[in-house]
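In what follows, a single structure is set out as structure tokens and then discussed.
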Amino acid sequence: MVACRVDDRRRGASRPAILVVIPYYNAEAWIAPCLEALGRSDIAHDILIIDDGSDVVVNPGSPADNLVICRFEQNAGLITALNFAASFALEQGYAFFVRQDADDLSRPARLRRQWEAMEAEQADLVVSGVHAVDEVGETIWSGAIQVDPAGLRRLLASRNPVVHSTWFMRTSLFRTIGCYDERFKGAEDFELLQRIFRQGSVAIVPEELVDYLVRSGSILSGSRGPAAQTVRVLARHFDPASPQAYVGIARAAAAVLASRHLKTMVRRFIEKHRR
């Protein structure tokens, strides 16, 4: 267990149902806008920031009474941070676990729209569309989700069809299917999503509810590691009856040869010429 210091700024004994989880590592340029965007939500929520041993202690900007900051004394990695957050959400009794990167922006209606969809459909996970941008705000890709949950499941056989910063899930899922798997670093969301689709139910809010930042200088932007891990995830959950499964293995293997930076450039080119 990684040692951590906890700064609990929550007020009152009662807790809202929703916990927004923000893993944080050297994201000081983005955390204040991220929290400001969440502050425009019209539904009650708490926020847990897991500072994974950043060089500079996280500064959330303006004070808030719905915030908990946990600072790891050393860098432990994203999966450790996420599993800490899952345990925290379970122990504290939050009904819903919302994934949010420190450099992404939730739109004001996000939490309410996803909560309403979850309650209406009694789903275990709700996802949405995103608007993906680069550091200067230029669109890389954008759009609503165009398929139903069954269509998403078919896509899951070949690739990850949703962005993790749109996840709104029942915390109880961590008890029934387990937490993030340390063996799939770089594709941990994809692997967990495989288990959710097989053992739970998924609902969709089609419209864009998150502005998703793709940073060219991020740790994974030039790495082939996530693509290699994606191959492992697809192999682990391979369905020989699905034609998409064979396509997925081939695509993922080919992706190992191309960096994320190159793939982002290609997506930007396609988006530009489609408009």
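The values are calculated or read from the model by the stated rules, or taken from the named source; none is laboratory data. Given the structure is predicted, the values throughout are model-derived calculations rather than measurements. In this analysis, Cβ positions are derived from the backbone assuming ideal geometry, glycine residues included, and neighbour counts consider all displayed protein chains. Accessible surface is based on the protein model in full, side chains and every heavy atom, while ligands, DNA and RNA are left aside. Shrake-Rupley method; radii C 1.70, N 1.55, O 1.52, S 1.80 Å.
Annotations
- For the peptides 158-171, 190-203, 129-142, the ranking by packing is 158-171, 190-203, 129-142, with the highest mean count of neighbouring Cβ atoms within 10 Å listed first.
- Where labels lie 7 Å past Cα in the beta-carbon direction, separation of Asp148 and Asp134 in nm: 3.8 nm
- Cα-based Kirkwood hydrodynamic radius, the chain, one decimal, Å: 19.2 Å
- Relative contact order of the chain, pairs being alpha-carbon contacts under 8 Å that are 6 or more residues apart, as %: 20 percent
- Computed with a 1.4 Å probe over protein heavy atoms only, the accessible surface of the chain comes to 47 Å² per residue.
- Cα centroid separation, segment 225-243 to segment 106-179 (Å): 20 Å
- Carbon + sulfur, % of accessible area of the chain - ligands and nucleic acids excluded, 1.4 Å: 54 percent
- Directionally averaged shadow of segment 68-109, computed from the convex hull of its alpha-carbon atoms, nm²: 3.9 nm²
- For segment 1-149, the Kirkwood estimate of hydrodynamic radius, built from reciprocal distances between every pair of different alpha carbons, is 16.3 Å.
- Estimated inter-spin distance, Arg198 and Arg215, nm [label 7 Å along Cα→Cβ]: 3.3 nm
- FRET efficiency estimate (nearest 0.05) - Cβ-Cβ, Ser14 to Glu119, R0 22 angstrom: 0.65
- Residue-by-residue Karplus 3J(HN,Hα) for segment 173-185, coefficients 6.51, -1.76, 1.60, Hz, glycine and proline x: 4, 5, 6, 8, 10, x, 9, 5, 8, 4, 6, 10, 4
- Inter-label distance, nm, simple model (7 Å from Cα along the C-beta direction), Asn59/Gln92: 2.4 nm
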